[in-house]
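Asks: Quick one: the structure is below, questions incoming.
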Ligand SMILES: [Mg+2]
């Protein structure tokens with residue numbers, strides 16, 4: 001009996017020694033790899049899901065972040081694999097939520113300012129005040145290459161709905177006494193239909209609606225066109241306190257305004 005107890009005690013001792021040795025080994029190897037990749041702080045599987053399956057949504061999300069941060073530039077179409085992801089984003093809650101936070105921050109900023117009769121706020125139109133989502137939903141959410149003819153046909157209908165969060169900001173800025181200036185890449189010959197569309201969507205008044213003189217700006221980028229128009233505005237005595245758009249080309253260049261606000265748009269890129 002006593003022999004059996006000793007054997008049991010020996011087994012327990014061996015067990016503990018093994019654990020201590022294992023722990024010491026792991027501890028030691030951690031030190032060995034301090035400069036390596038021993039620590040997996042965020043053990044996310046970037047491109048492989050459970051069981052090693054590829055998840056396109058993860059890389060599409062990274063692509064969208066790259067686009068919004070202006071790290072991915074000069075792209076012509078949404079990656080084919082991301083059509084479903086972008087469609088879900090645009091039609092689901094995330095697009096609305098992302099737009100809401102931008103417009104809210106714009107208002108929080110605006111309401112702290114001193115407003116004069118010449119205080120202006122610049123709004124872009126497409127995907128900023130008016131949404132072309134009904135059109136893009138029928139054209140692969142940006143997967144299809146931009147087709148000027150079919151897009152113009154849609155614009156000429158004058159049926160684009162308002163972006164609800166932008167409309168809220170517009171109304172709040174008006175109530176603060178801020179002058180609204182629309183600067184859009186839409187051409188002069190779409191000015192009338194754009195004005196009608198804006199009113200139909202709930203944008204009833206503005207200081208200026210600036211459309212693009214395509215002969216004056218032929219071959220020029222949106223950055224050049226919009227900077228030039230903002231400069232003219234400031235030369236007329238307006239003070240641009242804020243500027244909101246869905247493209248970086250709405251917000252870069254000169255006379256950009258005291259603060260700029262970037263709305264989400266993963267469907268197309270305009271330089
Ligand atoms: Mg736009």
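Asks: Only Cα pairs under 8 Å and at least 6 apart count here; give the relative contact order of segment 165-271 as a rounded whole percent. Before the final figure, lay out the partial values.
Replies: Details: 128 pairs, mean separation 22.0, N = 107.
With pairs under 8 Å counted, the relative contact order is 21 percent.
Asks: Still on this structure: Using Cα pairs under 8 angstrom and six or more residues apart, how large is the relative contact order of segment 214-269, in percent? It would help to have the intermediate numbers written out before the result.
Replies: Details: 67 pairs, mean separation 18.5, N = 56.
Once divided by the residue count of segment 214-269, the mean separation gives 33 percent.
Asks: Could you please rank 186, 96, placing first whichever residue has the fewest other Cβ atoms within 10 Å of its Cβ?
Replies: Values: 186 22, 96 14.
Fewest-to-most Cβ neighbours within 10 Å comes out as 96, 186.
Asks: Then there is this: For segment 50-262, calculate the relative contact order in percent as a whole number, restricting contacts to Cα pairs under 8 Å that are 6 or more residues apart.
Replies: Values: 283 pairs, mean separation 48.7, N = 213.
Averaging sequence separation for qualifying contacts and normalising by length gives 23 percent for segment 50-262.
Asks: Antiparallel versus total DSSP beta bridges in segment 50-262: what percent is that, nearest 5?
Replies: Numbers: 1 of 19 bridges.
Expressed as a percentage, antiparallel bridges in segment 50-262 total about 5.
Asks: Order the peptides 146-152, 247-253 from the highest to the lowest mean number of other Cβ atoms within 10 Å of their residues. Please list the in-between numbers first.
Replies: Details: 146-152: 11.4, 247-253: 21.9.
Averaged packing, sorted descending, gives the order 247-253, 146-152.
Asks: What ranking of 261, 123 emerges when the number of other C-beta atoms within 10 Å of each C-beta is taken as an exposure proxy, fewest first?
Replies: Ascending number of Cβ neighbours within 10 Å: 261, 123.
Quick note: the coordinates plus some simple rules give every number you see, no bench work behind them. Keep in mind that this is a model prediction, so the values were computed, not measured. Note that each Cβ is placed from the backbone with ideal geometry, even for glycine, and that neighbours are counted across all protein chains shown.
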